[in-house]
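Chemist: Before I ask anything, let me first share the structure, which is written out below as structure tokens.
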């Protein structure tokens, strides 16, 4: 039976997840291939699949609803102020014990703070309350782009890595990458994560998203 990816929390980036009735994992890692999704390019094993729009519809809707809620707390009343422009999910083989989520967002140009600073401040207390263990929660750079990075462990040992990108050169755009691993499988998928991150390349659009 496929596990359930559920309980998305904390403003589209810090997503709690649970897995149930896990199947067996991939026994023989496949060669990596390049994946291109909107502004993202990265490598995943060739056995991973892009989930269909129908499969990801619920996840996308939940993330968008959380974005609307966050917008209201910041004083924005137009749902389009924080709008998902692109959303995609990839799962490991057919068992779906690991997944990668790609999100590209439109954000308001009128934010009164650096977007990543705002994200960091809004989550630094909540993240410790919502997850069993926090390995990383910091601002850094990947592919020369500022990123808010988090590596957390949820109930039962599920692992979630999140990378949220924003550059002052393209202030109305933000992007997120989440990697979700079922309990007990993080060491197995660590090489996949390392390959993805080392191959990651992001090109924000030069024009403002309308």
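Chemist: Can you give the FRET efficiency to the nearest 0.05 for residue 128 and residue 84, using r as the Cβ-Cβ distance and R₀ = 22 Å?
Modeler: Details: r = 27 Å, r/R0 = 1.22.
Working from the Cβ atoms, E equals 0.25.
Chemist: Quick one, can you get me the convex hull of the C-alpha atoms of segment 32-202 expressed as volume per residue in Å³? Write down the numbers at each step before the final one.
Modeler: Details: hull volume 19.7 nm³, N = 171.
Spelled out: Cα convex hull of segment 32-202, divided by residues, is 115 Å³.
Chemist: Using Cβ counts within 10 Å as a stand-in for footprinting exposure, how do 52, 172 rank, fewest first?
Modeler: Neighbour counts put them in this order, fewest first: 52, 172.
Chemist: Treat the count of other C-beta atoms within 10 Å as a stand-in for reagent exposure and order 104, 56 from fewest to most.
Modeler: Exposure proxy ranking, most exposed first: 56, 104.
Chemist: For labels at residue 121 and residue 46 in the simple 7 Å Cα→Cβ model, what's the distance in nm?
Modeler: Going by the 7 Å Cα→Cβ label model, 4.9 nm.
Chemist: Oh, and also: Fewest first, what order do 166, 48 take by the number of other Cβ atoms within 10 Å?
Modeler: 48, 166
Chemist: Right, another one. Using 1/(1 + (r/R0)^6) with R0 = 22 angstrom and r between the beta carbons of residue 114 and residue 206, what's the FRET efficiency to the nearest 0.05? Let's see the in-between values first.
Modeler: Values: r = 20 Å, r/R0 = 0.90.
With a Förster radius of 22 Å, E is 0.65.
Chemist: For the pair residue 199 and residue 155, what calculated FRET efficiency results from E = 1/(1 + (r/R0)^6), where r is the Cβ-Cβ distance and R0 = 25 Å, to the nearest 0.05?
Modeler: 0.20
FYI, it's all coordinate maths here, none of it is from the lab. Just so it is clear, the structure is predicted and the values come from calculations on it, not from any experiment. Heads up, the Cβs are rebuilt from the backbone with ideal geometry, glycines too, and the neighbour counts pull from every protein chain shown.
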